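I have placed the structure first, in the form of structure tokens, so that the comments after it can refer back to it.
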Amino acid sequence: MDLRKELPDAYTYIVVPKAVLDVPIEMKKMLKEDNTYYTLNELEKELGDLFVLTNSIDDRFVKFRWSIPMNGEEALIIGYLKSKGLVDMRDNGINDALNYTVDEIDFNALNGNEFGVFNAHEIKHLPWVEVKEEMEII
């Protein structure tokens, strides 16, 4: 599997909701021999410590390292994640403008259906935000 060669040198991180861990990743690179697609949970089992899902931001999200060539593949990955109903936490909604930097993202306002693509320097600046439980009114 090519991923075994690529992942040790991967310094880009993708953050996704835990809710998508068992969703097949319908991309050519993720096609298995039986013509089904790997899920993130299956990749973690298959690749062991080359591919590790770790908590990020709060208990709703995980991050993982991924090899993204600087040839526009990042845009394809972002487009794919958006097509699955996820929202780019870096998108500031302004066309033809730079997206949010890590410091500009309001992590407390995340709904839980967002994703983010971060480099090795940026990932260190993601906070661990405690999810506030709503109190029951008695």
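The values are calculated or read from the model by the stated rules, or taken from the named source; none is laboratory data. Keep in mind that what you see is a predicted model, and the values were worked out from it rather than measured. Ideal geometry is used to build each Cβ from the backbone, glycine not excepted, and the neighbour counts take in all protein chains shown.
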For this session: Sort out which residues of the stretch 1-51 are over 14 Å from Ile68 (Cβ atoms) and of a type in the set (S, T, N, Q), and write them in order of number.
Result: Asn35, Thr36, Thr39, Asn41
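Could you tell me whether Glu74 is out of contact with any Cys (no Cβ under 7 Å at 6 or more places or on another chain), touching a residue at least 40 places away in the same chain (Cβ under 8 Å) and either farther than 17 Å from Val62 by Cα or of a type in the set (Ser, Thr, Tyr) (or both)? Full working, then the answer.
Values: out of contact with any Cys (no Cβ under 7 Å at 6 or more places or on another chain): yes; touching a residue at least 40 places away in the same chain (Cβ under 8 Å): yes; either farther than 17 Å from Val62 by Cα or of a type in the set (Ser, Thr, Tyr) (or both): yes.
When the stated conditions are applied, Glu74 passes them.
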Exercise. Can Glu44 be described as surrounded by 14 or more Cβ atoms within 10 Å (Cβ to Cβ), at pLDDT 95 or above and of a type in the set (Asp, Glu)?
Worked result: yes
Seminar exercise, completed: Over the stretch 1-24, the set of residues modelled with pLDDT of 95 or more and β-branched (Val, Ile, Thr) is Ile14, Val15, Val16, Val20, Val23
For this session: Select from the stretch 80-104 the residues that are modelled with pLDDT of 95 or more and of a type in the set (A, V, I, L, M) and write down the one among them that is surrounded by the fewest Cβ atoms within 10 Å (Cβ to Cβ).
Result: Val87
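Among Thr39, Thr12, which is closer than 20 Å to Ile123 by Cβ and not aliphatic (A, V, I, L, M)? Outline the logic, then answer.
On the way: Thr39 fails: closer than 20 Å to Ile123 by Cβ.
Criteria check complete, one pass: Thr12.
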Exercise. Between residues in the stretch 105-132 that are on the phi > 0 side of the Ramachandran plot and modelled with pLDDT under 90 and residues that are surrounded by fewer than 14 Cβ atoms within 10 Å (Cβ to Cβ) and not aromatic (Phe, Trp, Tyr), which pairs lie under 9 Å by C-beta distance while being six or more apart or on different chains?
Worked result: none
